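Taking it in order: structure first as structure tokens, then the write-up.
The values are calculated or read from the model by the stated rules, or taken from the named source; none is laboratory data. Values in this document were obtained by computation on a predicted structure and should not be read as measured data. Methodologically, a virtual Cβ is constructed for each residue, glycine included, from the backbone with ideal geometry; neighbour enumeration extends over all protein chains shown. Side chains are part of the model used for accessible areas, which takes the heavy atoms of the whole protein and leaves out ligands, DNA and RNA. Shrake-Rupley method; radii C 1.70, N 1.55, O 1.52, S 1.80 Å.
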Amino acid sequence: MNRVVVIADTRERQPYSFDPERVTVIRRALRSGDYSLDGFEDRVAVERKTLDDFAQSLIRARERFLAEMRRLESFEAACVVVEGNLRDLLEGRASSNAHPSSLLGATLSVVVDHRIPVFFCSDRQAACRFVEGYLLRFHRRIAIPCVEPPPPPQDDP
């Protein structure tokens, strides 16, 4: 299997380390998201957040974050991956002065109103593995040529 080329945004201070036998990582500025695939930057993107950053994005940097979500709405595959648990958000363990119900409501707005799934991946290692799998799965789907099924047999009149 040839290695898939993943683009890690240059603003990622500590980019994920993917399986080097499956993935080659290139650092390049992305217009949307933190991770994408080379040549498909306008079709697939993953926005990565720590739990604290996610909470801050939902409340204090809301307009900028929602602008990012609006850009991602047009992608074939886009998601937000949070390095943390939903329970931590609901129990107020994210460094934010916002009420947990407000954070949940804002999260649901991203999922329902913007149609961008949010995956809580418990920690950095789990999130890294999820992002690698997500991008590889998308790559596999687009790399397999779409073969049209043969036309149905015609009944003789």
Exercise. Rounded to the nearest 5, what is the percent of antiparallel bridges among the DSSP beta bridges in the chain?
Worked result: 20
Exercise. Between residue 94 and residues 5 or more places away or on another chain, which pairs have amide H atoms under 5 Å apart, with H built 1.01 Å from N, and which residues are they?
Worked result: none
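Ignoring any ligand, DNA or RNA, what whole percent of the accessible area of the stretch 1-101 comes from carbon and sulfur when the probe is 1.4 angstrom? Show your work: numbers first, answer last.
On the way: 2380 of 5420 Å².
C and S atoms contribute 44 percent here.
Quick one: of the DSSP bridges fully inside the stretch 27-105, what percent are antiparallel, nearest 5? It would help to have the intermediate numbers written out before the result.
Details: 1 of 8 bridges.
Here the antiparallel bridges make up roughly 10 percent for the stretch 27-105.
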Exercise. Once both labels are modelled 7 Å past Cα along the beta-carbon direction, what's the residue 62-residue 29 spacing in nm?
Worked result: 2.9
Exercise. Gaussian network model of the chain, Cα springs within a sub-10 Å range: biggest mean-square fluctuation belongs to which of 73, 21, 132?
Worked result: 21
For this session: Over the residues of the stretch 50-133, compute the C-alpha Rg and express it relative to 2.2 N^0.38 Å.
Result: 1.03
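Using only Cα atoms, what is the ratio of the radius of gyration of the stretch 1-77 to 2.2 N^0.38 Å? Present the calculation step by step, with values, prior to reporting the outcome.
Working: Rg = 13.3 Å, N = 77, 2.2 N^0.38 = 11.5 Å.
Computed over Cα atoms of the stretch 1-77, the ratio equals 1.16.
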Problem set entry | Tail weight of P(r) past 26 Å, computed on alpha-carbon pairs of the chain, percent | 32
Exercise. What is the gain in length, in nm to one decimal, between residue 50 and residue 140 on full extension, counting 0.36 nm per residue of separation less the C-alpha to C-alpha distance?
Worked result: 29.6 nm
